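Okay, so here's the structure we're looking at.
The values are calculated or read from the model by the stated rules, or taken from the named source; none is laboratory data. Every value quoted in this text rests on a predicted model; they were computed, and no experiment measured them. Cβ placement follows ideal geometry from the backbone for every residue including glycine, while neighbour counts extend to all protein chains displayed. The area values use the complete protein model at the heavy-atom level, side chains included, leaving out ligands, DNA and RNA. Shrake-Rupley method; radii C 1.70, N 1.55, O 1.52, S 1.80 Å.
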Amino acid sequence: MTVLLACCASCIRINASILICGFNVLYLLTSRTENIQFNMCSLRDFPELRDCSLTDKNVSMALVIKRVKPEAIDYPNIVIQLKGDQNPESLFLPTSRLTTLQQILSKFAEENFWTACDELAKYFKRNPSNLSVLMYPLGVMMRFSPRASLKGSENLVLTDISRTKLWSSSVVRCIAWHPQVTKLAIVSSHDIVYVYNRKGSEAKIKRKSQNAILSLAWRPLSVGTLAVGCEKGIFIWTIEFSNIHVRPTVNNVCKFVRDDHRYITGLSWNKMGDLLISSAVTSKTMYIWNYPLETCVPLRSISSDTLNFVHWSPDNTKVFSCSTSETFRIWSTDNWTSDKWSLNNRSRVQCACWSPCSLVLLFATDSCSIINAIDFRKSDVFNGSTNYKKVAWPIVDIKSECINDKVIGGTLSDMCWDQNAQRLAITFKNSGSLVVFQTAISEAVVDCIPFCIIQGRLDEEPSAIAFQPTYEKGSLLTIGWSNGNIEYVPFEYITKPKHEPEIFGTNLFGISNDRSISGLPSMSTTTNALIEYLLN
């Protein structure tokens, strides 16, 4: 009898513990679901829209932004106009007037042997009746050459993978702000780079071999060094603005060109401005260039996928790179090891951005309207664990909605996060409007609140967007419209960044980066203004 009672008591304790564990698991699952649902928001959360001025401090609902004159915020009025004399091809002798032999010799003299072979192969392709016994060995040479090419039509492939909306037809293709100085670089569809400062001075950069510009990146802690990624490779220009001359001068150019690294879709400088990382849509290898020494180190991964774009984190500890297929990697700059992530729906990463504190990475795919977040505070990336579960938290669902008789949302084209982590701007592939969310990094990854919708005119689409990193009154969104208009959208508020990222050096080239800059605190607005005054 005693044994029977003991067995019954033990069974009751076991069942009670199982019941308690079940309640705990149920609580964890429901609480996690509640957190995800709490963080997720969509375009349905936007209330009824109405026109309102940006300077209205009492606005608490979503609004349709009105046009703001650049003079009101002391920025230059910029309109990129394409004229016949702006085409750089008009400055050179057209290749159509040259004979085939002259064209091949010109390619060999200006570029390299493989470019001349490529020109010869194009000639045989245009004239199949002139095939000779040289065609077969030429084809074998081109097959095993280090020169990579796009698989398909150039305009179709680049338009599909580019984060610039309507890349092939838009007047504005790329825009980039200097990280410390008020300087704006704009790329037109004629592959001309326009550089403006706050006074409105203009510099034009054009080069015959600088075609199909896909990326821009200002070098930090420099007067005016700009990296341009195009079909041939990377061109790094030095632009000087002087009070003596009316127009700025372009002194020199440094070329980083490799036959296996063409169509540069990704450029990103480290915080010190001495290392530049690049990715190309025709290459499986990333390259890290030491700009002072003009050397490079390849970063290879065991994969058959070509790369799309790359982003260095603001604190220099991580690098994000994505391929043209369903994989992307997060690299640690301490030992340059990578953590591979794979998407499960045969899609690829369309756009991504780091938070200013480098603790959160946002990304979206080309087949879904959801923005996902990777929180490095909750992830075991680079901690030595090989069996950890890769989790990307969905925070915003921007599927198409009809708002004020206009379809807004859908698949993302590009997104950017401001320097205070308080405004997130988004463009779409099939919508002519922009959506701006008010954001905050919290314990539940990222909180997003619908803020406003920016609608363009009937003849324009938002092609490129970027936030001005030194805007002192809040956030300044810059929009490059497809018809050439450059528009500024200020979001004025008083705030201070919650996180001040430190500057870490890297020893990839065996060079010590422990300089006095790495020990300095972040620059205040007064310091930024002083630097801008001295550089201009």
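The residue pairs whose first member lies in the stretch 215-232 and is surrounded by fewer than 24 Cβ atoms within 10 Å (Cβ to Cβ), whose second member is modelled with pLDDT of 95 or more and of a type in the set (Lys, Arg), and whose beta carbons are closer than 7 Å, counting only pairs six or more residues apart or on different chains, are 225/219. The residue that is surrounded by the fewest Cβ atoms within 10 Å (Cβ to Cβ), among those in the stretch 361-400 that are touching a strand residue (DSSP E or B) at 6+ places or on another chain (Cβ under 7 Å) and at pLDDT below 80, is 390.
Scanning the stretch 297-340 for residues that are small (Gly, Ala, Ser) and within 16 Å of the chain's Cα centre (by Cα) returns 313, 321, 323. Scanning the stretch 315-345 for residues that are closer than 17 Å to residue 412 by Cβ and either out of contact with any strand residue (DSSP E or B) (no Cβ under 7 Å at 6 or more places or on another chain) or among the aliphatic types (A, V, I, L, M) (or both) yields 343, 345.
At least 2 residues being within 28 Å of residue 43 (Cβ to Cβ) and not aromatic (Phe, Trp, Tyr) is the threshold, and among the strands (runs of 3 or more DSSP E) wholly inside the stretch 313-417 those reaching it are 349-354, 360-365, 370-375, 393-397, 401-403, 406-408, 412-417. Looking at 506, 526 in this structure, which one is over 30 Å from residue 294 (Cα atoms), out of contact with any Cys (no Cβ under 7 Å at 6 or more places or on another chain) and at pLDDT below 75? On inspection, the qualifying residue turns out to be 526. Looking at this structure, is residue 427 in contact (Cβ under 8 Å) with a residue 40 or more places away in the chain and part of a loop (DSSP other than H, G, I, E, B)? Answer is no for this residue. Of the candidates 276, 299, 267, the single residue that is of a type outside the set (D, E, K, R), modelled with pLDDT under 90 and within 25 Å of residue 376 (Cα to Cα) is 299. Give me a count of the residues in the stretch 168-200 that are within 18 Å of residue 239 (Cα to Cα), in a loop (DSSP other than H, G, I, E, B) and open to solvent by less than 10 Å² (accessible area, probe 1.4 Å). Count: 4.
Could you say whether any residue in the stretch 304-326 is more than 23 Å from residue 207 (Cα to Cα), open to solvent by 30 Å² or more (accessible area, probe 1.4 Å), at pLDDT below 90 and charged (D, E, K, R)? Yes; the residues of the stretch 304-326 include at least one that is more than 23 Å from residue 207 (Cα to Cα), open to solvent by 30 Å² or more (accessible area, probe 1.4 Å), at pLDDT below 90 and charged (D, E, K, R). Of the residues screened, residue 360 is one that is over 15 Å from residue 286 (Cβ atoms), β-branched (Val, Ile, Thr) and within 17 Å of the chain's Cα centre (by Cα).
Counting only strands (runs of 3 or more DSSP E) that fall entirely inside the stretch 442-489 and contain at least 2 residues that are hydroxyl-bearing (Ser, Thr, Tyr) and in contact (Cβ under 8 Å) with a residue 24 or more places away in the chain, the qualifying elements are 474-481.
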